[in-house]
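Okay, structure first, notes after.
The values are calculated or read from the model by the stated rules, or taken from the named source; none is laboratory data. Because the structure is predicted, anything quoted here is derived from the model rather than measured. Glycine also receives a Cβ, built like all others from the backbone with ideal geometry; neighbour counts cover every protein chain displayed.
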Amino acid sequence: MSISERLVMACTLGALVSVPACVDTPGQSPDAGSNSSRDAAADVGRDAAVDAADALTDRGSTQVDVSVGIDRPEVRDVRESDDAPDVVGVADVADVGPPPIRARPIAPLSTSAVTSQRPTLRWVLPEGADGATVELCRDRACDRDRRTINVTGAATRPEAALDAGWWFWRVQARNGAVAVGEMSPTWQFLVGRRDAAVDGSAGAHLDVNGDGFVDIAVGTSPDRENLTISVFLGGAAGLSTTPASTLTGRSGRGEFGTLVSPGDLNGDGFGDLVFQDTIARTEDLSEGRVRVYFGSASGLVAAPVVLVDADHPDAGMGSSLAGVGDVDGDGYADLAVGEMGYSRTVESNEGRVLVFAGGLRGPGRSPAFTIEGAADSYLFGTNVAGGSDMDGDGHAELIVGAYGISRGGARRSGTVSVFRGDGARFAAVPVVTLTSDEMDASFGTTLALGDVNGDGLADLAVGSPASSFGDVIYAGRVRVYAGSASGLAAMPARVIDGTDHGGLGTAMSMGGDLNGDGFADLAIGAPNGRSAEREMGTVTVYAGGAAGVSAAPTWTFLGAGNRFFGQSLVINVGSNGDGIADLIVGDPIGNAVSVFVGGTAGPMAAPTRVIMGPTEPPLFGFLLATH
């Protein structure tokens, strides 16, 4: 969900009655969206030349034409048109010259979580190699619990189940007993506490320095000058309260929008950070940009790659962002960028999603392909999610929310479309479209993925933060849909309703296991939630299990007297390395982020750590990202 949309919704709900962030920004409307070194991964042989060229020039691909209907978004390849966004800042990434010839890991993607405790490791061999030596370890330097596996070919699995937690691996190509080239970059993956029959990987977790402790990015509110995003590193003692990196917004009437950790976009083994940044071009026009910061052994690299849609500056580029896994199977994470305000004609606002392919130097110069909304005011790309396999075919799906669509007389009831991956791109037509018949419900403005029933397939939670039920206004509703071998279910397995004016579903996370039972849990924010007739914000957590999420909240957390507690939240898979996830909740009115450490009995009732933001800019904690 875009931050501009969150603000509109929050103001509608009365959450920020006296907060300056609710002041209308000239030229913005809900319909228009948001007007708004590193150790380079080596490649091998012919693939290296392709990746290097793709990083600096357009990637070619095939035009796809589909019929256009209300539930059949149009798929276009921007290389065949004049609509290709440009990328500036590529020159900021050091040109390291031709990479050495060596083996290169391709799966599981670095910083992802694996579904099997015996995951298949795959790599590409250079010319002249017939096998490899794989080193599997518990730390990046490979000093702890090193296991050596000699393999003929380009894939292997551990003989025994791996312990839960982070594992690191690297590969040395060989021809017989003779080493070929250099050792590959070191990659990492997270093993869960439950061994699923499905052998795959899902999601990505923010580890910018690759130390095996998950980090967190915290942003201040949009609609203000001098905005910041701060990165706090994880460690054995938990999250640091002092930022390791602070990124500052551009001068003028600038904004930060969405914030995401998409995984490893350049294959060097470190987690990267991506966010939207807008700046005023004129009094009535803000240009959206997407900034990509690469991780490294010393943390985030200072110079970002910046993606710009120069031909459509008012489309709200970056109104939503998501890592979508490795769409084309080349071993680099890919990135989906929403433009919910994109219009084919003047102010038609169909919206679209751009998919950028990762590569040796990060995202490609222009998107590999686009998917467009099929109708006026569709606002396709309100939110995007991906990087997880819902049907067990080994390919991640792309999920796109479009809350602007109206159905059955219900204005802005919203839809969510699921596009199946095939190892090369996403399908032209959604395999399933989820709908709501509720008026102004904002269905699809928030999305969360995770495996809540432990079958190894991703499940989907869809938020409708503005849902109303009779006299219960703006209560919010969350629907949970189960993944299966036949695909995502069309009907929800669980429906969770909020309370009057609570805005349940404004923020959601389903990316971790808070009590160590091997099932992902679902955390839901209601920033206007009440307790004893006071609006203080609430977060409810529904525990996962073999039958899915619980019917009633398993744990409930209340704000410390401040509305907007729960406006942002994440389930962090573990900043202290204990293998159990923690719950992290933003309290922007209190200018704070609270950390509730998980344990076998669930998260602690009171925060074990509170990270306080600076007095300026205010609303620290409005944005959170750890995956």
Open item on the list: Please count how many residues of the stretch 450-478 are in a loop (DSSP other than H, G, I, E, B) and touching a Ser or Thr at 6+ places or on another chain (Cβ under 9 Å).
Closed with: 11
TODO: Say whether the condition of being buried (at least 18 other Cβ atoms within 10 Å of the Cβ), aromatic (F, W, Y) and touching a Gly at 6+ places or on another chain (Cβ under 6 Å) is met by at least one residue in the stretch 185-201.
DONE: yes
- [ ] Go through the stretch 346-364 and count every residue that is closer than 16 Å to S320 by Cβ, more than 18 Å from the chain's Cα centre (by Cα) and either of a type outside the set (D, E) or not in a loop (DSSP other than H, G, I, E, B) (or both).
- [x] 2
TODO: Could you please tell me which pairs satisfy a Cβ distance under 9 Å, a separation of 6+ or placement on different chains, a first residue in the stretch 467-482 that is at positive phi, and a second residue that is of a type in the set (G, A, S) and not in a loop (DSSP other than H, G, I, E, B)?
DONE: G476/G463; G476/S464; G476/A526
Open item on the list: Quick check on my filter: what residues within the stretch 560-594 are out of contact with any helix residue (DSSP H, G or I) (no Cβ under 8 Å at 6 or more places or on another chain), of a type in the set (A, V, I, L, M, F, W, C) and crowded, with 24+ Cβ neighbours inside 10 Å?
Closed with: L569, V570, I571, V573, A581, L583, I584, V585, I589, V593
- [ ] Consider V306 carefully, then state whether it is part of a strand (DSSP E or B), out of contact with any helix residue (DSSP H, G or I) (no Cβ under 7 Å at 6 or more places or on another chain) and either surrounded by fewer than 24 Cβ atoms within 10 Å (Cβ to Cβ) or modelled with pLDDT under 85 (or both).
- [x] yes
Open item on the list: For the stretch 609-624, which positions are more than 21 Å from F275 (Cβ to Cβ) and touching a Gly at 6+ places or on another chain (Cβ under 7 Å)?
Closed with: R609
Open item on the list: Quick check on my filter: what residues within the stretch 309-326 are at pLDDT 95 or above and of a type outside the set (V, I, T)?
Closed with: L321, A322, G323, G325, D326
- [ ] Specify the residue that is modelled with the highest pLDDT; the eligible residues are those in the stretch 492-541 that are surrounded by fewer than 24 Cβ atoms within 10 Å (Cβ to Cβ) and among the hydroxyl-bearing types (S, T, Y).
- [x] T540
Task: Inter-residue pairs, beta-carbon under 7 Å, first closer than 17 Å to N266 by Cα and in the stretch 109-132, second modelled with pLDDT of 95 or more and among the basic types (K, R), 6+ apart - done: W123/R104; V124/R104
